[in-house]
Amino acid sequence: MHILDTERLALREFTPQDAPFLLRLVNEPGWLRNINDPGVRSVDDALAWAQGRLFKAYRELGHGFWALQRREDGVLVGMCGLFKRPALPEPDLGYALLAEHEGRGYALEAAHACVAHARSALGWRTLMAITAIDNPRSTGLLAKLGFIEQGQEMLEGYNEPSRVFRLVL
């Protein structure tokens with residue numbers, strides 16, 4: 001299902017056919033260093049992960065992490081979206097790109113669109129985000145969007161503390 005468009009990207013729900021892409025994304029060094037290791041080692045693992053992490057959120061919440069597809073050629077470059085983690089009091093913004101697509105402004109473009117979608121389409125008043133302690137690129141992106149750091153917390157499902165950010169919409 002198509003969610004929204006930016007100048008260069010289409011954001012849509014992931015499908016089972018995207019499992020090979022998801023396998024690659026969640027095993028990127030940046031994902032493993034800055035997010036976590038979900039233990040996804042095969043296309044079947046990626047599909048099971050997507051069913052529990054992505055497809056379930058689409059059905060139950062009506063939002064989630066969406067595929068970032070370049071409009072010009074249909075190439076998948078990453079994910080970005082809105083998710084409600086049990087460990088946080090408000091929904092949060094998340095994003096990840098394949099390393100080969102970093103540094104082109106895709107994450108900022110998609111994140112900006114997701115923040116606008118949270119405000120206008122979903123009517124949310126607050127949005128959160130988390131990063132690894134040492135992730136200056138992500139911290140810089142959140143600052144550009146107006147997020148304010150709230151401190152560090154040990155969140156369920158993570159092995160190290162996370163930096164927690166909040167944005168009043």
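Values computed for the structure shown
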| quantity | calculated |
| --- | --- |
| Residue match in the stretch 144-160 (condition: of a type in the set (Val, Ile, Thr) and surrounded by 18 or more Cβ atoms within 10 Å (Cβ to Cβ)) | no |
| Selection count where residues are buried (at least 17 other Cβ atoms within 10 Å of the Cβ), out of contact with any Cys (no Cβ under 9 Å at 6 or more places or on another chain) and of a type in the set (A, V, I, L, M, F, W, C), scope the stretch 84-107 | 2 |
| Helices (runs of 4 or more DSSP H) completely within the stretch 1-69 that count 1 or more residues being surrounded by fewer than 16 Cβ atoms within 10 Å (Cβ to Cβ) and of a type in the set (A, V, I, L, M, F, W, C) | 29-34, 43-50, 56-61 |
| Where TRP124 falls short, out of the listed (1) touching a residue at least 24 places away in the same chain (Cβ under 8 Å); (2) touching a strand residue (DSSP E or B) at 6+ places or on another chain (Cβ under 6 Å) | (2) |
| Test: MET128 is assigned to a strand (DSSP E or B) and more than 22 Å from ARG8 (Cβ to Cβ) | yes |
| Residue list for the stretch 84-103, filter: assigned to a helix (DSSP H, G or I) and in contact (Cβ under 8 Å) with a residue 24 or more places away in the chain | ALA99, HIS101 |
| Residues that are under 25 Å from PRO38 (Cβ atoms), in contact with a strand residue (DSSP E or B) (Cβ under 6 Å, 6 or more places away or on another chain) and in a loop (DSSP other than H, G, I, E, B), drawn from the stretch 134-160 | PHE147, LEU155 |
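None of the figures in this text is laboratory data; all of them are computed from the coordinates on show. Source: prediction; values computed, not measured. With ideal geometry, Cβ positions are generated from the backbone for all residues, glycine too; neighbour counts draw on all protein chains shown.
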